[in-house]
């Protein structure tokens with residue numbers, strides 16, 4: 001525990017941030033400053049930088065997630081664990097399809113192994129909102145990041161923990177009548193990859209939605 005309140009420390013960190021030029025190495029300066037806090041979050045859009053620290057992946061350890069854009073089309077994701085000697089990098093990975101204006105990062109145990117994973121949103125459609133992005137599972141022993149390209153087209157993923165199913169959504173459109181409804185796609189983990197095992201869609205309705 002710190003001797004000062006997190007709010008006071010946050011103000012000090014933000015003052016320090018204003019004194020440094022926002023550049024690629026700013027992310028690492030912020031990581032060092034976050035050592036003073038139990039939890040910390042910072043984002044900047046030009047250039048794109050994001051950092052979040054705390055018990056975000058586990059209740060028993062302190063982790064840091066760093067996201068940056070080395071170029072206009074790529075996200076770089078870095079995972080750190082806080083040990084006695086400071087921050088230790090577990091893994092880093094570069095991803096395509098960066099779109100910072102729709103960036104969002106969610107934390108769930110997507111593969112039901114007891115380890116919290118990450119979902120990095122890259123797009124949200126207009127109309128009926130369909131969120132698509134990168135699913136990043138984390139090995140609970142090695143803390144290495146695993147990408148899942150098969151999940152990039154699975155929109156609005158949410159979990160059914162009882163059946164260990166990842167449910168995603170798709171919409172049904174008609175040329176004549178427009179939006180017809182939403183399909184639920186049930187996905188199961190097979191050999192470390194998500195596979196659609198069932199698709200439940202509304203019946204066709206010539207008058208549109210009821």
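For region 6-153, rounded, prolate or oblate, judged on the Cα gyration tensor with a ≥ b ≥ c (square roots of eigenvalues), a/c < 1.5 rounded, else prolate if a/b > b/c?
Oblate, since a/c reaches 1.5 and b/c is not below a/b.
Which order do the peptides 88-99, 48-59 take when ranked by the mean count of other beta-carbon atoms within 10 Å per residue, highest first?
With the highest mean Cβ count within 10 Å placed first, the list reads 48-59, 88-99.
Sort 64-76, 155-167 for me by packing, meaning the mean count of neighbouring Cβ atoms within 10 Å per residue, highest on top.
Ranked by mean Cβ neighbours within 10 Å, highest first: 64-76, 155-167.
Could you give the nm distance between label points at residue 175 and residue 191, where each point is 7 Å from its Cα heading toward the beta carbon?
With each label placed 7 Å out from Cα toward Cβ, I get 3.8 nm.
Quickly rank 119-126, 28-35 as a protection proxy: mean count of other C-beta atoms within 10 Å, highest first.
28-35, 119-126
Computed from the coordinates by the stated procedures, all read-outs in this text should not be read as laboratory data. These numbers come from a predicted model, not from an experiment. Ideal geometry is used to build each Cβ from the backbone, glycine not excepted, and the neighbour counts take in all protein chains shown.
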